[in-house]
Amino acid sequence: QVVNYAPFTLLPSAVPRALFEQAYAVQQDFNLLVDAISQNKEFLEQTLASTIKVDDFTARLFQIYTQVLEEGLAQTVFLGINRSDYMFDCGLDGTAALRQIEINTIAASFGGLTSRTAQVHGLVLKVLGKTEEASQLLPNNPAEGLASGIAKAWELYGSPRAVVMFLVEEVQRNIFDQRCVENELWNRNIRVLRKRFRDVFEQGSLDASRRLYMDGQEVAVVYYREGYVPQNYDQQNWEARLLLERSRAVKCPDIATQLAGTKKVQQELSRPGTLEKLLPGLPQAVARIRATFAGLYSLDEGEEGDRIAATAIADPDRFVLKPQREGGGNNLYGEELRQVLEKIKDSPERTSYILMDKIKPQPALNYLLRAHSPLQVSECISELGIFGVYVRQGQELVLNRAAGHLLRTKAVEHADGGVAAGVAVLDTPYLL
């Protein structure tokens with residue numbers, strides 16, 4: 001009852017090779033974009049102005065962000081670990097296109113467990129007598145990729161005796177996923193502590209030069225696997241977050257990078273001219289990024305927002321309604337979308353949501369293996385995530401790479417939710 005296996009598909013799922021390669025090719029561009037947004041105070045202020053009036057959680061994050069900027073940043077090394085998620089949208093003519101769902105800039109998970117999934121599927125195919133197909137599966141090791149970014153940030157911090165701190169939840173269901181990354185760091189002789197917000201509040205301290213200490217040990221890097229939903233915070237956890245943000249330690253992510261991953265920012269990026277402003281002189285990167293966007297619409301107060309809200313109420317199956325939340329299971333579809341929009345269409349509360357075109361992937365058959373669940377063939381759809389890692393020192397980008405992939409598959413009847421939400425299962429792409 002205590003330990004359970006992570007759910008996975010019996011067989012690898014078919015993925016179009018061209019779209020898989022497109023997702024990898026654009027990841028460094030997305031890394032650059034997230035980093036640029038995190039450094040652009042004016043853009044974040046303007047974009048989130050309407051959201052922070054109605055969304056308390058985003059407002060609290062923003063308050064810490066401005067407080068730390070006013071004090072002056074002690075942090076000089078910046079580490080981003082993100083995961084850009086896509087689905088394959090099936091057009092009326094049957095051709096598939098890569099469409100970005102979102103980019104996760106905090107606590108992007110399953111880099112560890114997915115590093116083991118290809119071997120599982122390789123074994124299954126061999127048992128089925130499919131040795132040729134087994135040899136086609138791509139090696140994939142995001143755990144190593146994520147650890148390489150953390151290790152680079154630790155090295156640039158410049159204190160060989162300092163530790164890396166994983167900030168984890170009170171109750172940790174997904175511990176093995178984290179352990180894969182942690183063990184990669186131990187293998188590089190980098191010490192790792194696992195602490196909760198509560199521990200930081202009780203034991204954390206800053207010295208005169210704002211170095212962070214836990215248990216008497218200097219912390220070089222704080223890697224967040226917690227802190228992305230309102231439920232993660234009470235008053236003392238907010239105080240702990242402020243302490244961490246004020247410190248010299250490399251935060252992954254710092255609060256600006258967490259704000260860069262909000263749905264409102266995602267929607268703003270789809271406006272004509274926005275990408276060009278954020279990535280000046282990089283027209284090819286802008287084109288590669290824009291090619292992955294699905295239709296995104298603002299529900300801000302005013303004529304445009306009124307029109308979009310009315311369109312979605314009239315035809316809710318065309319859209320997805322997204323609040324400013326991470327962690328899966330928050331989006332609204334169909335009748336539920338219509339009811340919520342009807343209720344908030346004349347209130348400022350609607351500005352805390354964005355509207356996105358609903359992506360319609362082509363289903364395929366597979367078996368979803370879950371503990372205590374019957375084994376039956378299901379109609380499934382898949383979602384591809386590409387992990388990205390970058391490290392910046394001052395203004396110089398010293399590392400920028402794609403660090404592996406994650407394929408998650410779920411039965412078609414589940415509109416929303418990932419593996420941690422108990423809906424999707426781990427999978428391996430079989431490229432066609």
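The values are calculated or read from the model by the stated rules, or taken from the named source; none is laboratory data. Since the model is a prediction, treat every value here as computed from it, not as a measurement. Neighbour counts run over all protein chains shown; Cβ positions are idealised from the backbone, glycine included. Each accessible area value is taken on the protein alone, full model and side chains, heavy atoms only, with ligands, DNA and RNA left out. Shrake-Rupley method; radii C 1.70, N 1.55, O 1.52, S 1.80 Å.
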Residue list for region 20-43, restricted to those being hydrophobic (A, V, I, L, M, F, W, C), under 25 Å from residue 382 (Cα atoms) and open to solvent by 20 Å² or more (accessible area, probe 1.4 Å): 25
Residues (touching a Ser or Thr at 6+ places or on another chain (Cβ under 9 Å) and not in a helix (DSSP H, G or I)) located in region 12-65: 12, 13, 14, 15, 26, 55
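Take the conditions buried (at least 17 other Cβ atoms within 10 Å of the Cβ) and on the phi > 0 side of the Ramachandran plot and apply them to residue 107. Does it pass?
Values: buried (at least 17 other Cβ atoms within 10 Å of the Cβ): yes; on the phi > 0 side of the Ramachandran plot: yes.
Here the answer is yes, as residue 107 does meet what is asked.
Being in contact with a Cys (Cβ under 9 Å, 6 or more places away or on another chain) and within 20 Å of residue 74 (Cβ to Cβ): is that true of residue 200 here? If you could, list the steps in order and put the result at the bottom.
Details: in contact with a Cys (Cβ under 9 Å, 6 or more places away or on another chain): no; within 20 Å of residue 74 (Cβ to Cβ): yes.
Against the criterion (in contact with a Cys (Cβ under 9 Å, 6 or more places away or on another chain) and within 20 Å of residue 74 (Cβ to Cβ)), residue 200 does not qualify.
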Checklist (1) open to solvent by 50 Å² or more (accessible area, probe 1.4 Å); (2) more than 26 Å from residue 383 (Cβ to Cβ); (3) in a loop (DSSP other than H, G, I, E, B) applied to residue 300, failing item: (1)
Long-range neighbours under 8 Å by Cβ, at least six apart or interchain, first residue farther than 9 Å from residue 355 by Cβ and small (Gly, Ala, Ser) within region 290-316, second open to solvent by less than 30 Å² (accessible area, probe 1.4 Å) and in a loop (DSSP other than H, G, I, E, B): 291/26; 294/359; 305/299
Residue in region 372-390 that is open to solvent by less than 20 Å² (accessible area, probe 1.4 Å), modelled with pLDDT under 90, of a type in the set (Gly, Ala, Ser) and outside any strand (DSSP E or B) present: no
Near pairs, Cβ below 8 angstrom, 6+ apart or cross-chain, from region 61-89 (without any contact (Cβ under 8 Å) to a residue 40 or more places away in the chain) to any residue that is open to solvent by 40 Å² or more (accessible area, probe 1.4 Å) and not hydroxyl-bearing (Ser, Thr, Tyr): 69/41
Complete set of residues in region 82-107 that are part of a loop (DSSP other than H, G, I, E, B) and closer than 17 Å to residue 324 by Cβ: 105, 106, 107
Close pairs (6 angstrom Cβ cut-off, 6 or more residues apart or separate chains): at pLDDT 95 or above in region 12-24, hydroxyl-bearing (Ser, Thr, Tyr) and outside any helix (DSSP H, G or I) anywhere: 12/428; 12/430; 13/382; 13/409; 14/430; 23/86
Members of region 131-176 found to be assigned to a helix (DSSP H, G or I) and loosely packed, with under 13 Cβ neighbours inside 10 Å, listed by number: 131, 132, 135
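Residues of region 335-357 being surrounded by fewer than 17 Cβ atoms within 10 Å (Cβ to Cβ) and either modelled with pLDDT under 90 or charged (D, E, K, R) (or both), which ones? First the steps, then the outcome.
Narrowing region 335-357 to residues surrounded by fewer than 17 Cβ atoms within 10 Å (Cβ to Cβ): 335-336, 339, 342-343, 345-349, 357.
Listed by number, the residues that qualify are 335, 336, 342, 343, 345, 346, 347, 348, 349, 357.
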